[in-house]
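Every number here is computed from the coordinates shown, using simple stated rules; none is lab data. Note that the structure is a prediction, hence the values are computed from the model and not measured. Because the Cβ atoms are built from the backbone with ideal geometry, glycine has one as well, and the counts that use them run over all protein chains shown.
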Amino acid sequence: MTSAGRFAPSPSGELHVGNLRTAILAWLFARSTGRKFLLRMEDLDRARSGAEAGQLRDLQAAGVTWDGGVVRQTARGPLYAGAISRLEAAGLTYECFCTRREIQEAPSAPHAPQGAYPGTCRNLDPAELEFKRSARPAAIRLRAEAAEYTVRDLLHGEFTGVVDDFVLRRNDGVTAYNLAVVVDDAEQGIDQVVRGDDLLPSTPRQAYLASLLSIPSPEYAHVPLVVNNDGARLAKRDGAVTLADLAAEGFPPDEVRDRLLESLGLPAGPLGNALAAFDPDALPREPWVWSGP
Ligand code: GLU
């Protein structure tokens, strides 16, 4: 299978300058290493009608091209179910009936890392299991045998983070992001994952899960986010931050692209120019402040 990079947005709204900056970086990392570049819509949750079409239009207008068709997670249920069955067969899952509130209120297990699932449902006896099953549908959790895991990242070096009994399938039947992303990247031949560094803390969980499924971990590069003047993630109240709003204000996608390339220390113009000059080691490591067009 050919190696590939990817951009995997959630079609929950319009693309904003931060998403486009990440997409451009993912494209540059993939193309500069001779990889294909794939586009996957992570539409299991929070999909909004019309959002996908708008995102694809904005990416194309900024010159971010991809190979093949767009893959949608909602069409891939059987793949996720297959992976969960393999984990189940290996004794690596259990049913969990906890509500969010119960998890928050449960005393954390001794030595458990902060934020880790406290293990309430890990060892239910058959009678408890039967009782709980009659009350509400179960989520499926991973029976993790590690409390932390280390990944290598091109920009962050070695990163060690928490692994806990995270959810693989929610109790409404929807596959959890951490399972879907691992299965999809492997199945699509993706061996390079470039995405926002807000996802770095989830990466040890994903890499650990990949190891349980005998999937080699991809190469990771977690890139800095775009923030507002207060250092917070961009939001609606920061004014025109989506490509659509900026276009409406007379600032078309190719000009936004040029601003973003400039912020990365790369030449403006079609992405081919930036590709010729791209050097991952020279990338800024700090969040970039967007203070308007
Ligand atoms: N769908 C996720 C997001 O838009 C990205 C997931 C990933 O790149 O692994 O935040």
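In this rough spin-label picture, where each label sits 7 Å from Cα along the Cβ direction, the K132-A146 distance is 2.5 nm. Phi angles across the range 144-150 convert, under the Karplus curve 6.51 cos²θ - 1.76 cosθ + 1.60 with θ = phi - 60°, into 3J(HN,Hα) values of 6, 10, 10, 9, 8, 8, 10 Hz, Gly and Pro given as x. On the beta carbon distance between D245 and R122, with R0 = 41 Å, the FRET formula returns roughly 0.30.
Applying the criteria of a DSSP loop state and at most 11 other Cβ atoms within 10 Å to the trypsin sites (Lys or Arg not before Pro) of the range 31-76 yields R46.
Quick one: plug the Kirkwood hydrodynamic radius of the range 171-293 (C-alpha pairs) into Stokes-Einstein at 25 °C, 0.890 mPa s, and report D in µm²/s. Estimated diffusion coefficient is 145 µm²/s.
Between D67 and H111, residue separation times 0.36 nm minus the direct Cα-Cα distance comes to 11.2 nm.
Extension gain for A276 to T33 (0.36 nm times residue separation, less C-alpha to C-alpha distance): 86.3 nm.
Among the GluC sites (Glu not before Pro) in the range 179-256, those placed in a DSSP loop whose Cβ has at most 14 other Cβ atoms within 10 Å are E249.
Which of the three applies to the range 248-293, rounded, prolate or oblate, going by the alpha-carbon gyration tensor with a ≥ b ≥ c and a/c under 1.5 meaning rounded? The shape class here is oblate. Between K236 and E286, the distance separating the two model label sites (each 7 Å from Cα on the Cα→Cβ line) works out to 3.1 nm.
Computed from point charges on the beta carbon alone (+1 for Lys and Arg, -1 for Asp and Glu), the dipole magnitude for the chain about its Cα centre is near 560 Debye. In this rough spin-label picture, where each label sits 7 Å from Cα along the Cβ direction, the L154-L213 distance is 2.3 nm.
Quick one: work out Rg over Rh on the C-alpha atoms of the chain, Rh as Kirkwood radius. Rounded to two decimals, Rg/Rh equals 1.00.
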